[in-house]
């Protein structure tokens, strides 16, 4: 398996990601852009899934793409689907 291409984490990604995640943690009304749930709703619905915020690229692999808050599970499951060639549909709920 080839090494993952990490170019989309270059530039100012780390600063933008840190600021976005801090804002999502600070705002209880923040919603995941993939599933539409707040963190409290997510934890209540899926108590065994990872309850942390990720900064998710709107356009996968594009380092200049806007970032939006996403639950860790939403982000990683979409990344797995996308890497397997099934495409990306941000409006599709995975649960």
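Here are some notes:
- Of all residues in segment 46-62 being under 12 Å from the mean Cα position of the chain (by Cα) and under 15 Å from residue 14 (Cα atoms), the one that is surrounded by the most Cβ atoms within 10 Å (Cβ to Cβ): 56
- Some residue of segment 51-66 being in a loop (DSSP other than H, G, I, E, B), touching a strand residue (DSSP E or B) at 6+ places or on another chain (Cβ under 7 Å) and at pLDDT 95 or above: no
- For the condition on the phi < 0 side of the Ramachandran plot, touching a strand residue (DSSP E or B) at 6+ places or on another chain (Cβ under 8 Å), modelled with pLDDT under 95 and surrounded by 14 or more Cβ atoms within 10 Å (Cβ to Cβ), residue 77 does not qualify.
- Residues of segment 31-45 classified as surrounded by fewer than 16 Cβ atoms within 10 Å (Cβ to Cβ) and in contact with a strand residue (DSSP E or B) (Cβ under 9 Å, 6 or more places away or on another chain), total: 1
- Search result, residues across segment 4-32 that are at pLDDT below 95 and under 14 Å from residue 75 (Cα atoms): 17
The values are calculated or read from the model by the stated rules, or taken from the named source; none is laboratory data. All values reported here derive from a predicted model rather than from experimental measurement. Every residue, glycine as well, gets a Cβ built from its backbone with ideal geometry; the counts of neighbours run over all protein chains shown.
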